[in-house]
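To start, the structure under review is shown below, and the notes come after it.
Just so it is clear, none of the values below were taken in a lab; they were calculated from the coordinates. It should be emphasised that the depicted structure is a prediction, and the values quoted were computed from it without experimental measurement. All Cβ positions, glycine included, derive from the backbone under ideal geometry; neighbour counts span all protein chains shown.
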Amino acid sequence: MLISQISNESLESYFDMRVLLVEDEPDLGAAMKRTLKQHKYLVDWVMDGTEAWSYLENGSANYTLAIIDWMLPGITGLELCKRLRMRENSLPVLMLTARDRMEDKIAGLDAGADDYLVKPFGIGELLARLRALQRRSPHFQAQKLSVGNLTLDYGNNSVICQDAIGNKQTISLTNKEFQLLEYFMKHPNQIVTTEQIRNQLWEVSAETGSNVVAAQMRLLRRKLAASSCTSSIETLHSVGYRLNSTL
């Protein structure tokens, strides 16, 4: 029998947050991407408004939020926001701009931006605004996720495994191990393909070989097995994987 529950407690750490960063200044964009990755965000960075729209038009559901500069080659950030809202897309958007006049801020918010950050800005303020957007977002993560004998603890980046007689053991995970196990636990008893996992856990622009998922699976299984934790993740040859919550 499947036991699955998600608590409603708030959280300051995020492990499955995918961000679309649209910034045409190379140094700033690279610095932001590096910092966001250090804080456990998955980041797709583009430098052109037209390319950004192709990402948003075809895959906005894959993103937790977007950080969009106002002045961009091709389509402006203002126009990107307008297009999103015209399609009734509620993706949270943080607008970046050097424009600090009140009328500019009003124009950005009226176009559909959820928040407005004036350049130059501190990284601490950027991260705080992202956390605020996430708290208001329907994509906001719960603190714990339980499926079968496994419970993910977002606050400690760990999984709690319970054996047949009720004994519990806490196992620390790397960020990628956590993301991988979380993805299975969000899709219990479903067949998940290697491509689906790769698209979810690695950036769109990342060059990942066909064996990267299998390698990460071996690391996760080895760590769980070392702690005598039965994860029940089945390998379906030539198809993918499945977390069987009934085993």
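The table below lists the values:
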read-out	value
The chain - Rg over Rh from alpha carbon coordinates, Kirkwood radius	1.02
Amide hydrogen neighbours beyond the local backbone of Leu65, cut-off 5 Å, H modeled	Arg18, Leu20
Cα-centred dipole magnitude for region 43-109, charges only on beta-carbon of K, R (+1) and D, E (-1), debye, nearest 20	240 debye
Dipole of the chain, positive end: most advanced residue of Gly148, Asn199, Met217 [Cβ charges, Cα centre]	Gly148
The chain - Cys residues lacking any other Cys C-beta under 4.7 Å	Cys81
Point-charge dipole on Cβ atoms (K/R +1, D/E -1) for the chain, about Cα centre, debye to 20	840 debye
By average C-beta atoms within 10 angstrom, highest first, the peptides 164-172, 35-43	35-43, 164-172
Cβ-defined net charge surrounding Thr50, 11 Å radius [Lys, Arg +1; Asp, Glu -1]	-4
Separation of the Met86 and His237 label points, Cα + 7 Å toward Cβ, nm	5.3 nm
Among 46-52, 91-97, 115-121, the order from most to least packed when residues are scored by Cβ within 10 Å on average	91-97, 46-52, 115-121
DSSP beta bridges in the chain [antiparallel fraction, %, rounded to 5]	55 percent
